[in-house]
Amino acid sequence: MSYSPQLTPPRRRFALGQVVATRNALSALNEAGVNPQTLVLQHAHCDWGDLCAEDRALNEEALIRGGRLLSNYSVTPDLTVWVITEADYGVTTILLPSDY
């Protein structure tokens, strides 16, 4: 199964800060043939992936008032990857839920 993100023009912009990733996430994405930068671009374009309505609303609120931003991408049926930008927009981390 290949992962094909649907990037749309950004609705809002925010600073990603330093982009880092856990070893587990990089290894899993490499094995799945997915470039981590693709997920970061989706996140930066406010494409939050597979989030529930409540978590999407929290992200939208965080864009207005400040706060952490979370994206959840189901890369394959067995691989979920999170991208989290901290509330101060200083760091964005690519990680597996088990790394949290």
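The values are calculated or read from the model by the stated rules, or taken from the named source; none is laboratory data. Remember, predicted model here, so these are calculated numbers, not experimental data. Positions of Cβ are backbone-derived with ideal geometry, glycine not excepted, and every protein chain shown enters the neighbour counts. Ligands, DNA and RNA are excluded from the accessible area calculation, which covers all protein heavy atoms including side chains. Shrake-Rupley method; radii C 1.70, N 1.55, O 1.52, S 1.80 Å.
Pairs only if they're at least six apart or on different chains, beta carbon under 8 angstrom, first in the range 76-100 and in contact (Cβ under 8 Å) with a residue 40 or more places away in the chain and among the hydroxyl-bearing types (Ser, Thr, Tyr), second part of a helix (DSSP H, G or I) and open to solvent by 50 Å² or more (accessible area, probe 1.4 Å); list them, first residue then second.
Ser98/Asn24
Would you check if there is a residue in the range 53-73 being of a type in the set (S, T, N, Q), under 17 Å from Arg13 (Cβ atoms) and in contact with a Gly (Cβ under 6 Å, 6 or more places away or on another chain)? Give the derivation first.
Narrowing the range 53-73 to residues of a type in the set (S, T, N, Q): 59, 71-72.
Subset that is under 17 Å from Arg13 (Cβ atoms): 59, 71.
The next check asks that each one be in contact with a Gly (Cβ under 6 Å, 6 or more places away or on another chain); those that pass are 71.
Scanning the range 53-73, I find at least one residue that is of a type in the set (S, T, N, Q), under 17 Å from Arg13 (Cβ atoms) and in contact with a Gly (Cβ under 6 Å, 6 or more places away or on another chain), so the answer is yes.
Of these, Leu26, Leu70, which one is touching a residue at least 12 places away in the same chain (Cβ under 8 Å) and open to solvent by less than 70 Å² (accessible area, probe 1.4 Å)?
Leu70
Search the range 33-48 for residues that are within 11 Å of Leu70 (Cα to Cα) and pair each with any residue that is assigned to a helix (DSSP H, G or I) and open to solvent by 10 Å² or more (accessible area, probe 1.4 Å) when their beta-carbon atoms are under 6 Å apart and the residues are at least 6 apart or on different chains.
Trp48/Arg56
Which residue is most open to solvent (accessible area, probe 1.4 Å), if the candidates are limited to the range 79-100 and must be among the hydroxyl-bearing types (Ser, Thr, Tyr) and either more than 22 Å from Leu26 (Cα to Cα) or not in a strand (DSSP E or B) (or both)? Break it down into steps so the answer makes sense when it comes.
Narrowing the range 79-100 to residues among the hydroxyl-bearing types (Ser, Thr, Tyr): 80, 85, 89, 92-93, 98, 100.
Add one more test, that the residue is either more than 22 Å from Leu26 (Cα to Cα) or not in a strand (DSSP E or B) (or both), and what stays is 89, 98, 100.
On the way: Tyr89: 55, Ser98: 101, Tyr100: 170 Å².
My answer is Tyr100.
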